[in-house]
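K.L.:
Dropping a structure here in structure tokens format, bear with me for questions.
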Amino acid sequence: MSHRKQTPIIRPNAIILGVATVFACSAFVGARVQQTQGFQRNTKVKRVGGSVSQLYNDTCAKCHGDNAQGGGGGTKSLLTVDKFDQKWDRPFFDATRNGVPDAGMEAYGETMSDEEIWALIVHIRELQNKTLRSETAPKPVADVYSTKYYKYRVETVLKEDKSLKTPWCIDWLPDGKMLVNYRPGIMGVVVKGKLIGQVEGLPESTELGQGGLMEVAVHPEYKINGWIYLSIADPKSDAKRQAFTRYVRGKLKFEGSKITWTDQQDIFKMPEENYNGSEIHFGGKIVFDHKGHIFFSTGERGNGPLAQRLDKPNGKVWRLNEDGTVPSDNPFVNTPGALPGIWSYGHRNPQGITMDNNGEIWDTEHAPRGGDELNHIVKGSNYGWPVITFGINYNDSSLSVPWPTDDQHFKMPILRWLPSCATSGLKIANSKVFPLWKGDLIAGGLAGRNVDRVRVNGETIIEKETLSWGLGRVRDLAFGPDGYLYITLNEPDRIVRMVPVK
Ligand code: HEC
């Protein structure tokens, strides 16, 4: 324990060295990660702002229709499944900016900024979604849902209990007990669908908007070491409504009906000067790499620009040894001023993280309106937030363009959900009852109420389907020891599982 206290994740002297250094977005990793789309900014036209829907209705609807159904002067409908695909993002943008002269559509790049043109494409995506989402999602027939490889039904594992609000995360002990973290600070222990007890002595957490008691992750070698990892919104010692994401590990002691959290160790705790009163973006998910490391996320806590700074803990994916010390081969250990635990940066709010069967790390993260992301997490990379994003502002105004210019070395998402689904929970499928999904990424969405399956080959998506839509706000998902896909739902708060049927 004591050596751990002496090896804090931030070295105070390193911070002092870094005071004068404001981290430019890309300077550090330009040579390592280079993925641009050759995007040339239009510098002629300045951004005006204002409502995107209004702009669409005033400018585009006369030909493309109020709902993108087309019709005006023979303009074709955009409400087809093919045109909803993300591969059309850039061609749609280019068509709007450069015009389609043969078809009689003018070049809006003469009068509109890049940000506004992208926002119009987001608007078109939202219009497409209204029609197409319900068409493509599986619907139950006699309680059985049909998807590409499996038919399944949904079983309730844990019913709503009004005294236990917002289950956030689940995991299992090797003996089959299910641990359920509830955001207000409760860990329940569930056996065969019955809550047998609540854990006493958990670390203090504060339910501050999106944060509270969050992750619970049982160490893969639990039988040998007994460790369980948690993430919490950790309250500042003298201001309980200010918080930052903290990770601890500890053990559970079962004595009759009494269950106690013991042997707690800090894995990741930032100095309290980083704590703030923002109610958003805690990140909070962790994955073990089976080589002695953990990867985990912190959200940017409502302060986007800090995601670009290597001397700040906001908006990062981290890699530490399982005991919280810093591995010597981390990407920024020799960068003056950088927090040495950082693995990648420029993240907004990663609430899903997993490792695939090739040892590659993936995250899902919340974007603003439009453009949640599935990212392949590569050592030292910058994921661009808040400099570029697929999203627009919630108030219906434009924000950014999604593509980096040649001098911006950002790593692009492999998949963007547009409209946003509020991605939450990401797991790799290795289930004995769903063998045909082996190696696929399974992602949930809160606002989208969706569970999606994504198959990638390298960084190319080769299959994507919505497995479930509309059960509730999907807070987390995990394959149980029985191989079924467990889904933690909010509003109503319950846990269900997907069980394959013949
Ligand atoms: C005068 C009619 C007209 C107006 C106004 C107009 N468009 Fe178009 N647009 C067309 C036609 C015609 C096409 C060619 C494809 C078709 O027939 O749908 C097209 C093509 C496009 C495409 C490519 C679609 C594809 O299937 O590849 C996009 C995207 C697009 N328009 C967006 C916009 C946006 C955004 C606006 C408003 C800023 C706009 N258009 C205004 C008529 C128009």
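The values are calculated or read from the model by the stated rules, or taken from the named source; none is laboratory data. No experiment lies behind these values; they were computed from the predicted model shown. Here the Cβ is made from the backbone with ideal geometry for all residues, glycine too, and neighbour counts use every protein chain on show. Note: areas computed on protein heavy atoms with side chains; ligands, DNA, RNA excluded. Shrake-Rupley method; radii C 1.70, N 1.55, O 1.52, S 1.80 Å.
K.L.:
How many of the residues in the range 70-86 are assigned to a helix (DSSP H, G or I), open to solvent by less than 50 Å² (accessible area, probe 1.4 Å) and more than 10 Å from the ligand (Cβ to nearest atom)? Show your work before the answer.
P.N.:
If we filter the range 70-86 for residues that are assigned to a helix (DSSP H, G or I), which is where we start, we get 72-74, 82-84, 86.
With open to solvent by less than 50 Å² (accessible area, probe 1.4 Å) added as a condition, the list becomes 72, 84.
After this cut, where a residue has to be more than 10 Å from the ligand (Cβ to nearest atom) as well, the list is 84.
Summing the residues that are assigned to a helix (DSSP H, G or I), open to solvent by less than 50 Å² (accessible area, probe 1.4 Å) and more than 10 Å from the ligand (Cβ to nearest atom) in the range 70-86 gives 1.
K.L.:
In the range 167-187, how many are of a type in the set (Gly, Ala, Ser) and assigned to a strand (DSSP E or B)? Reasoning before the result, please.
P.N.:
Filtering the range 167-187 for residues of a type in the set (Gly, Ala, Ser) gives 176, 185.
Now narrow it down to the ones that are assigned to a strand (DSSP E or B): none.
The number of residues fulfilling the criteria is 0.
K.L.:
Is it true that residue 164 is crowded, with 16+ Cβ neighbours inside 10 Å and assigned by TED's automatic domain parsing to the domain that holds residue 461? Break it down into steps so the answer makes sense when it comes.
P.N.:
Working: crowded, with 16+ Cβ neighbours inside 10 Å: yes; assigned by TED's automatic domain parsing to the domain that holds residue 461: yes.
Here the answer is yes, as residue 164 does meet what is asked.
K.L.:
Next question, about the same structure. Give, as residue ranges, the strands (runs of 3 or more DSSP E) completely inside the range 402-502 that count at least 1 residues that are open to solvent by 40 Å² or more (accessible area, probe 1.4 Å).
P.N.:
On the way: elements: 415-417, 423-428, 441-445, 450-457, 460-469, 473-479, 485-490, 494-501.
Here the list reads 423-428, 450-457, 460-469, 473-479, 494-501.
K.L.:
Could you pull out the residue among 361, 342 that is assigned by TED's automatic domain parsing to the domain that holds residue 300, within 25 Å of residue 169 (Cβ to Cβ) and surrounded by 22 or more Cβ atoms within 10 Å (Cβ to Cβ)?
P.N.:
On the way: 361 fails: surrounded by 22 or more Cβ atoms within 10 Å (Cβ to Cβ).
It is 342.
K.L.:
Another one. Identify, please: which residue in the range 98-113 is buried (at least 20 other Cβ atoms within 10 Å of the Cβ) and of a type outside the set (Phe, Trp, Tyr) and is, among those, farthest from the ligand (Cβ to nearest atom)?
P.N.:
Applying the filter and picking the extreme gives 113.
K.L.:
Out of (1) in contact with a Pro (Cβ under 7 Å, 6 or more places away or on another chain); (2) free of Cβ contacts under 8 Å to residues at least 12 places away in the same chain, what's the single condition that is false for residue 163?
P.N.:
Evaluating residue 163 over (1) in contact with a Pro (Cβ under 7 Å, 6 or more places away or on another chain); (2) free of Cβ contacts under 8 Å to residues at least 12 places away in the same chain leaves (1) as the failure.
K.L.:
Just to be sure I understand the filter: pairs with C-beta atoms under 9 Å, separated by 6 or more residues or on different chains, first member in the range 247-276 and closer than 22 Å to residue 206 by Cβ and open to solvent by 50 Å² or more (accessible area, probe 1.4 Å), second member small (Gly, Ala, Ser) and assigned to a strand (DSSP E or B). Which pairs pass?
P.N.:
Here the result reads 264/250; 272/239, each pair linking the range 247-276 to a residue that is small (Gly, Ala, Ser) and assigned to a strand (DSSP E or B).
K.L.:
Based on this model, can you work out whether residue 62 counts as in a helix (DSSP H, G or I), near the ligand (Cβ under 9 Å from one of its atoms) and charged (D, E, K, R)?
P.N.:
When the stated conditions are applied, residue 62 passes them.
K.L.:
Please identify the pairs in which a residue from the range 189-201 that is in the same structural domain as residue 248 (by TED's automatic domain parsing) has its Cβ atom under 6 Å from the Cβ atom of a residue that is open to solvent by less than 30 Å² (accessible area, probe 1.4 Å) and of a type in the set (Gly, Ala, Ser), counting only partners at least 6 apart or on another chain.
P.N.:
189/197; 195/188; 198/188
Let's see how each residue does on (1) more than 24 Å from residue 67 (Cβ to Cβ); (2) within 16 Å of the ligand (Cβ to nearest atom); (3) not in a loop (DSSP other than H, G, I, E, B):
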site	(1), (2), (3)
115	no, yes, yes
118	no, yes, yes
152	yes, no, yes
165	yes, no, no
189	yes, no, yes
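K.L.:
Let me ask something additional. Would you pick out the residues in the range 169-188 that are among the β-branched types (Val, Ile, Thr) and touching a residue at least 40 places away in the same chain (Cβ under 8 Å)? Steps first, answer last, please.
P.N.:
Step one: of the range 169-188, the residues among the β-branched types (Val, Ile, Thr) are 170, 180, 186.
Within the range 169-188, 170, 180 qualify.
K.L.:
Can you tell me how many residues within the range 87-97 are under 19 Å from residue 460 (Cβ atoms) and more than 8 Å from the ligand (Cβ to nearest atom)?
P.N.:
Step one: list which residues in the range 87-97 are under 19 Å from residue 460 (Cβ atoms), which gives 87-91.
If we keep only those that are more than 8 Å from the ligand (Cβ to nearest atom) too, we end up with 87, 89-90.
Matching residues across the range 87-97 total 3.
K.L.:
Exactly one condition in (1) surrounded by fewer than 19 Cβ atoms within 10 Å (Cβ to Cβ); (2) outside any loop (DSSP other than H, G, I, E, B); (3) at positive phi is false for residue 396; which is it?
P.N.:
So the condition that residue 396 fails would be (2).
K.L.:
May I ask you to list the residues in the range 43-52 that are surrounded by fewer than 16 Cβ atoms within 10 Å (Cβ to Cβ) and modelled with pLDDT of 95 or more?
P.N.:
Answer for the range 43-52, where residues must be surrounded by fewer than 16 Cβ atoms within 10 Å (Cβ to Cβ) and modelled with pLDDT of 95 or more: just 51.
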